[in-house]
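Here the structure comes first, spelled out in structure tokens, and everything after it is commentary.
The values are calculated or read from the model by the stated rules, or taken from the named source; none is laboratory data. Note that this is a predicted model, so its numbers are computed, not measured. Here the Cβ is made from the backbone with ideal geometry for all residues, glycine too, and neighbour counts use every protein chain on show.
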Amino acid sequence: MPAYSSAFRHLVIAAAAVLAASTWLTAQSPTPSGALTAATERPVLGGHLEHLLVSGQVHLLAGTGANVVVQAGDEGAIFVDTSTEAAGRDLLAKVAELTTRPIRYVINTSGDLDHVGGNDVIASAGRNFATPAPNSAGIGARGGGGAVNPNNNTQRTAGAQVYAHEAVLNRLSGALTSGRGAAPFALWPSDTFFTMKKTLYFNGEPLELLHVPAAHSDGDVMVWFRKSDVIAAGDVYTPDRFPMIDLEHGGTVQGLLDGLNRIIDITVPRFNQQGGTLVVGGHGRIANESDVVEYRDMATIIRDRIQLMLSNNMTLQQVLASNVVLDYDGIYGARTGPWTTEMFITAVYRDLAKAKTAPSGRGQ
């Protein structure tokens, strides 16, 4: 709208003026643009595993990398993501305190190594329903009827089943790159699906595995525990940082916003927009609907700001220099680590620029 556009142009001009006067900030910035504000550094947990009961049968195991969500009950355990190989033994020890039954399923929310790195350790310690005896087959011996080892053309025959969207298997196996960049076979999912939804029923609870196309990546899956009223959202929702949009692996700004709106559609607050359905992101704290709404609004506002700058033919360096995320940087920003403020702005800019230059459809 014209009023918004005018107001935002004044905001950009004012921010640029403040930036020009703040030469000390330029000197401190590690980025080529020299324009990003410093964000409060997050504490490093140093591999300490923290256990929290989320709701119902669903637990959060945090502190070793990506969040790990576990549903535990009389039938056994389901892992949603497995963090890293180094964290595997600690995760297994904690789950043994929650249930004496086997680990039956692993569900990967994406193909990122901090989400699948522990697949082999966790799944090899488990047992699928077709395994007649406790699994002792060891590394890489998981079963379920999906991935086949290209080196010896054998399927896994034991261990927990590992579910993921087929795009995750394509990525980890290097199927679309002639094997280049393939992950070790032991990390691949054993069972995949290509539909928008897959359902399971486990521990007396229905689960929905919801594919979110082209969000953080092309293989994102959210897991909705319907009885416990918990959503394990993976990296579609990361409340401790700006949205992680992995352009290299099929992520897009609009897809991520669609994923956040999908979460909001499912969640139901208990009272005064608080409580009710709980959401566990791929990183960060447990959230409710209002938290996701605020996060969605932030991402939408920043998307619109950068879109306006693109329409005014501003370059990436000019956008970075404008401090376009100034009012959110203290909450979500970072100057170091795996996902920085500059990386977020760059991803949004490049995705929107690609959409701007894409040829329009016939007849438009």
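Here are a few things to note about the model shown:
- Hey, residue 268 surrounded by fewer than 21 Cβ atoms within 10 Å (Cβ to Cβ) and without any contact (Cβ under 8 Å) to a residue 60 or more places away in the chain or not: yes
- All positions within the range 225-253 that are of a type in the set (Asp, Glu) and in contact (Cβ under 8 Å) with a residue 24 or more places away in the chain: 229, 235, 240, 246
- Counting only helices (runs of 4 or more DSSP H) that fall entirely inside the range 239-342 and contain at least 1 residues that are touching a His at 6+ places or on another chain (Cβ under 8 Å) and under 30 Å from residue 168 (Cα atoms), the qualifying elements are 253-266.
- Residue in the range 167-178 that is within 16 Å of residue 79 (Cα to Cα), within 24 Å of the chain's Cα centre (by Cα) and at pLDDT 95 or above present: no
One line per residue, one yes/no per condition, for (1) under 20 Å from the mean Cα position of the chain (by Cα); (2) modelled with pLDDT of 50 or more; (3) closer than 22 Å to residue 285 by Cβ; (4) not assigned by TED's automatic domain parsing to the domain that holds residue 328:
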position	(1), (2), (3), (4)
22	no, no, no, no
58	yes, yes, yes, yes
68	yes, yes, yes, yes
72	no, yes, yes, yes
79	yes, yes, yes, yes
83	yes, yes, yes, yes
90	no, yes, yes, yes
95	no, yes, yes, yes
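Condition check ((1) more than 18 Å from residue 170 (Cα to Cα); (2) part of a strand (DSSP E or B)) across all residues:
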position	(1), (2)
207	yes, yes
214	no, no
217	no, no
228	yes, no
231	yes, yes
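- Of all residues in the range 160-193, those satisfying the criterion of being in a loop (DSSP other than H, G, I, E, B) and touching a strand residue (DSSP E or B) at 6+ places or on another chain (Cβ under 7 Å) are 160, 189, 190.
- Only listed residue being touching a strand residue (DSSP E or B) at 6+ places or on another chain (Cβ under 6 Å) and either surrounded by 21 or more Cβ atoms within 10 Å (Cβ to Cβ) or modelled with pLDDT under 95 (or both), chosen from 334, 287, 355: 287
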